[in-house]
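Reviewing the structure listed below.
Read-outs throughout are calculated quantities, based only on the coordinates presented, and are distinct from any laboratory measurement. Model, not experiment: these values are computed from the prediction. Here Cβ is always computed from backbone atoms with ideal geometry, including for glycine, and neighbour counts include all displayed protein chains.
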């Protein structure tokens, strides 16, 4: 959706999609807005509780069946296993997606890793196709006036234009861009606290080839899973930036992550969007305004 400032101000039931890398503040904003009559739709939560719930449980059960004591309990239906995913804790999804590499270190073969990647991609597509229905549910069933779509960082990797078109028809897309001076900080934070990652097949093939060559390894089974995850993230980050911008340029609006960090309440958030709308109308770019605060938190005006 596209607006002028007045049109945005008079939009009665706002629906906003937050786009950007993990760690830029999407879930922070969503949690803040949830306290102000906004329905928080988490794409990864929907993936874990709906589209990958059964595969996650099957994986857990298959591992439990290797323990004789648990095997007997499961076969007799004396115990039950649940997927306890939370919006701010995607551990079950992360465990299912897994890591590539040495099986003795918890890694997966390239074939199995790719299979799970394909399942994760399809689950993310389905979760995004559910957005219009949940916009309606948020108002009709739960009584929320507004809707915020907290998408996974891999949305730009899906190569599924129909998903972007759908989100652009039903929501205002707000891309949170990381200024160059903050990239290293975000990358290090993501390396320390990894989220589920989707890799396009061509990207994964190229990354694995380069990693093996750089580390002097011959086989995927020789890869240290944690080392590969840390090594590949900066490369993934820089490949994603132009993909995000290719979505935001025709379909949405752009703000910077430091501006998001300054948002303290719903009013700040709405003013942030208005600033982004004004910039786009003027043909400006957030980078042209680096260092200019939106306004002091709590200030009048």
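Structure summary
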{"quantity": "DSSP beta bridges in the chain [antiparallel fraction, %, rounded to 5]", "calculated": "5 percent"}
{"quantity": "Tilt relative to the chain, helix 266-282 - C-alpha long axis, 0 to 90 degrees, to 10", "calculated": "70 degrees"}
{"quantity": "Using alpha-carbon coordinates, inclination of helix 53-64 to the longest axis of the chain, degrees", "calculated": "30 degrees"}
{"quantity": "Length-normalised contact order for the chain - Cα pairs under 8 Å, 6+ apart - percent", "calculated": "30 percent"}
{"quantity": "Gaussian network model of the chain, Cα within-10 Å springs - most flexible of 196, 92, 242", "calculated": "242"}
{"quantity": "Degrees separating the helix 201-215 axis from the principal Cα axis of the chain, which is the longest one", "calculated": "60 degrees"}
{"quantity": "Within a Gaussian network of the chain (alpha carbon springs, distance under 10 Å), most fluctuating of 218, 245, 266", "calculated": "218"}
{"quantity": "The chain: most fluctuating residue of 263, 67, 163 per GNM, C-alpha cutoff 10 Å", "calculated": "67"}
{"quantity": "Semi-axis lengths, Å, the chain, gyration tensor of Cα atoms, sqrt of 5 times eigenvalues", "calculated": "36, 25, 16"}
{"quantity": "Those residues of segment 204-235 whose amide nitrogen sits under 18 Å from the label point placed on residue 109, 7 Å along Cα→Cβ", "calculated": "205, 218-225"}
{"quantity": "Spherically averaged projected area in nm², based on the convex hull that wraps the Cα atoms of segment 74-159", "calculated": "9.0 nm²"}
{"quantity": "Mean Cα-pair separation over length for segment 119-186, i.e. relative contact order, pairs under 8 Å, 6 or more apart, %", "calculated": "35 percent"}
{"quantity": "Pair residue 73, residue 209: separation of 7 Å Cα→Cβ label points (nm)", "calculated": "4.8 nm"}
{"quantity": "Estimated 222 nm signal from helices in the chain, with DSSP H stretches of n ≥ 4 weighted -39500 (n - 2.57), rounded to 500", "calculated": "-16000 deg cm²/dmol"}
